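The values are calculated or read from the model by the stated rules, or taken from the named source; none is laboratory data. These figures come from a predicted structure and were not determined experimentally. Please note: Cβ atoms are built from the backbone with ideal geometry, for glycine as well, and neighbour counts cover all protein chains shown. Please note that ligands, DNA and RNA were not included when accessible areas were found on the heavy atoms of the full protein model with its side chains. Shrake-Rupley method; radii C 1.70, N 1.55, O 1.52, S 1.80 Å.
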Amino acid sequence: MGKDVIVALDFPTAADTLAFLDKFTGRKPYVKIGMELFYAEGPEIVREIKNRGHKIFLDLKLHDIPNTVEKAMKSLSKLSIDMVNVHAAGTVEMMEAAKRGLKGDSEEGPLLIAVTQLTSTSQERMNEELLIDGKLEDVVIKYAQNAKKAGLDGVVCSPLESGMIHDACGDDFVTVTPGVRFADSAKDDQVRITTPEGAKKLGSDYIVVGRPITKAEDPVGAYERCLAEFTGEEK
């Protein structure tokens with residue numbers, strides 16, 4: 001599977017988002033639409049960005065009872081998205097329902113992946129606040145194995161866990177990894193992070209990068225730097 005950089009469009013309005021994308025003359029980066037933008041603008045922003053020629057990861061992290069998730073995924077399947085996700089904590093049954101809603105009896109369609117543990121979650125928080133015992137890495141691998149059992153295409157995880165997940169679930173099981181920062185960038189609210197080059201070495205298939213690109217003085221240059229470090233592709 002080819003590696004790619006997914007730019008997180010964490011903007012409050014369609015106007016801000018489209019103005020940002022207008023900077024990428026001649027390029028159509030893979031982008032992520034998350035809760036902030038989707039809840040503000042609705043499905044129309046997905047259609048607009050898709051019409052511009054971008055691949056889209058719709059990052060809504062569905063987590064509810066299986067019936068509700070199945071119906072929600074059926075609605076999302078009408079959008080021309082390339083990737084969408086759920087929370088693995090919703091159980092194998094919920095993830096199976098998500099797949100039915102999104103793909104029916106087909107294996108075709110958008111990639112369906114599951115969030116394991118957020119990259120803002122540390123070992124201590126998982127143990128003490130969420131009351132989940134054990135090592136964080138073991139929990140992440142178990143959630144990934146559950147996602148594979150449910151028929152999903154991969155997971156969202158920290159780059160630090162990507163290699164372990166490939167070992168446990170196979171090289172064709174996709175790892176999508178946020179928590180990526182340049183060596184000279186601020187960590188912000190991320191805990192389990194690495195650089196684009198580090199994520200490549202650890203086996204990530206896709207990296208999701210937001211503020212180091214969207215808040216950069218030269219967003220296009222930052223994107224091209226990230227792409228070069230992660231894929232080796234030069235501008």
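Counting protein heavy atoms only, the range 58-201 has 47 percent of its accessible area on carbon and sulfur, 1.4 angstrom probe. Cα centroids of the range 1-78 and the range 135-175: how far apart, whole angstrom? Centre-to-centre (Cα) distance: 23 Å. A Gaussian network model of the chain, with springs between Cα atoms under 10 Å, assigns the largest mean-square fluctuation among GLU96, GLU44, GLU36 to GLU44.
In this simple spin-label model, placing a label point 7 Å from the Cα along the Cα-to-Cβ direction at both LYS215 and GLU129 gives a separation of 1.9 nm. Based solely on its DSSP helices, what 222 nm [θ] is calculated for the chain when runs of n ≥ 4 H residues each add -39,500 (n - 2.57) and the sum is averaged over all residues, nearest 500 deg cm²/dmol? So the calculated ellipticity at 222 nm is -12500 deg cm²/dmol.
Short-range pairs are left out: with C-alpha atoms under 8 Å and at least six residues apart, the relative contact order of the range 1-75 is 31 percent. Full extension of the chain between SER120 and GLU108 yields a length gain of 1.1 nm, computed as 0.36 nm times the residue separation minus the alpha carbon distance. GNM remark for the chain: springs join alpha carbons under 10 Å apart, and the peak mean-square fluctuation among LEU102, LEU76, LEU112 falls on LEU76. Lys/Arg Cβ at +1, Asp/Glu Cβ at -1, dipole of the chain taken about the Cα centre: which of GLY34, TYR223, ASN51 is farthest positive-ward? The one lying farthest along the dipole's positive direction is ASN51.
Charges were assigned to the Cβ only: +1 to each Lys and Arg, -1 to each Asp and Glu. The resulting dipole of the chain about its Cα centre is roughly 440 debye. Here percent of Cα pairs over 26 Å apart was computed from the coordinates, and among (1) 49; (2) 35; (3) 42 the match is (2). Counting only the backbone N, which residues of the range 58-102 are under 13 Å from the spot 7 Å out from the Cα of TYR39 toward its beta-carbon? Residues 60-62 fall inside that zone. What the range 106-235 shows is 47 Å² of accessible area per residue, with the surface traced by a 1.4 Å probe over protein heavy atoms.
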